[in-house]
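Presented below is the structure to which this report refers.
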Amino acid sequence: MVTLADYEVADLIDDQDKLRMIVDPTSSYAQAQAFAIGRSMDDVIITAATGDAKTGETGGTTTALPSGQKVAVNLSGSNEGLTIGKLREAKFILDNNSVDPSIPRVMVVGPKQIQDLLATTQITSSDFNTIKALVQGDVDTFMGFQFITSTRLAHNSGTDVRTCFAYAVDGITLAVAKDLTVRIDERPDKGYAVQVYACMSIGSTRMEEEKVVEISCDESP
């Protein structure tokens with residue numbers, strides 16, 4: 001069950017600000033609002049991926065991601081960042097759950113995890129990485145996963161462990177009750193300052209636990 005929530009961002013631009021600028025900032029403000037709302041959307045999906053899901057006909061049951069769907073930070077015996085071994089383990093978990101290999105798979109990691117992989121001989125070798133990650137400066141696809149980098153993944157400051165995750169695209173859903181709307185209007189009650197307003201109503205949840213894998217990565221090494 002998806003729980004919907006409203007997300008709003010509003011900012012006022014007074015006329016004096018406009019007069020001091022050659023270019024009207026309204027369009028850039030609107031863009032900034034849209035980006036802020038987009039970050040909220042990212043947060044909703046990230047939280048749903050590894051958090052508790054509301055299940056059952058009425059959503060009265062709370063379902064945590066099973067331990068069998070998690071790759072431990074100390075998979076090799078000691079804490080470590082993102083490794084080839086952890087990627088293989090995530091792939092194995094999905095494969096072992098009979099997840100259709102034709103369904104696109106995504107790996108969501110932070111910048112430090114990309115750095116970890118780029119330092120690995122296997123990932124930088126053209127034999128293992130046909131997209132030549134070093135030339136592009138990032139990792140796009142490897143081991144059947146499309147990589148997405150996010151700075152908004154949960155991080156435990158006490159342990160310096162980042163919670164990354166992999167999923168088949170039909171394993172997580174985003175419900176949109178109200179699509180992103182951006183309005184630019186004058187506010188008579190605010191001295192006719194221009195208000196840039198953005199809003200949407202969304203929610204996200206796991207559809208199938210077997211299609212999501214949590215990967216804990218130590219960022220201290």
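What distance in nm separates the simple spin-label points at E186 and D160, each placed 7 Å from Cα in the Cβ direction?
5.6 nm
As a footprinting exposure proxy, order C164, C199 by other Cβ within 10 Å, with the fewest listed first. List each step's numbers first, then the result.
Working: C164 27, C199 17.
Result, fewest neighbours first: C199, C164.
If you take every residue apart from A177 with its C-beta less than 14 Å away from the C-beta of A177, what net charge results, scoring Lys and Arg +1 and Asp and Glu -1? Don't skip to the end; give the middle numbers.
Numbers: positive: K178; negative: D6, E8, D179.
Local charge sum for A177: -2.
Excluding L87 itself, what net charge comes from residues whose Cβ is under 12 Å from its Cβ, given Lys and Arg +1 and Asp and Glu -1? Show your work: numbers first, answer last.
Values: positive: K86, R88, K91, R105; negative: E89, D116.
Overall, the nearby charge balance is +2.
Where does the stretch 152-221 land on the Kirkwood hydrodynamic radius, alpha-carbon pairs, in angstrom? The partial results should precede the final answer.
On the way: mean 1/r = 0.0629 Å⁻¹.
When all Cα pairs of the stretch 152-221 are included, the Kirkwood radius is 15.9 Å.
Summing +1 for each Lys or Arg and -1 for each Asp or Glu, what net charge is found among the other residues whose Cβ lies under 14 Å from the Cβ of A166? Could the numbers behind the result be given before it?
Numbers: positive: K70, K86, R88, K91, R105, R162, R206, K211; negative: E89, D95, D170, E208, E209, E210, E214.
Net local charge, A166 excluded: +1.
Under the rule of at least 5 residues apart or a separate chain, name every residue whose amide H is placed under 5 Å from the amide H of S204.
For S204, the qualifying residues are T3, A175.
Over 20 Å between C-alpha atoms is what I'm after, so list which of K54/K211; K54/K112; K91/K211; K86/K112 land there. Mind showing how you got there, number by number?
On the way: K54/K211 16 Å; K54/K112 31 Å; K91/K211 10 Å; K86/K112 15 Å.
Result: K54/K112 exceed 20 Å.
With a 10 Å radius around each residue's Cβ, average the other Cβ atoms per peptide and rank 75-85, 171-181, highest first. Provide the component values of the computation, followed by the final result.
On the way: 75-85: 16.4, 171-181: 14.7.
Packing proxy ranking, top to bottom: 75-85, 171-181.
What ranking do M1, M207 get, fewest neighbouring Cβ atoms within 10 angstrom at the top? Working shown, then result.
Numbers: M1 14, M207 17.
So the ranking, lowest neighbour count to highest, is M1, M207.
Each reported figure results from applying straightforward, stated rules to the coordinates on display, with no laboratory input. Everything numeric here is computed off the predicted structure, so don't read it as measured data. All Cβ positions, even for glycine, are placed from backbone atoms using ideal geometry, and neighbour counts span all protein chains on display.
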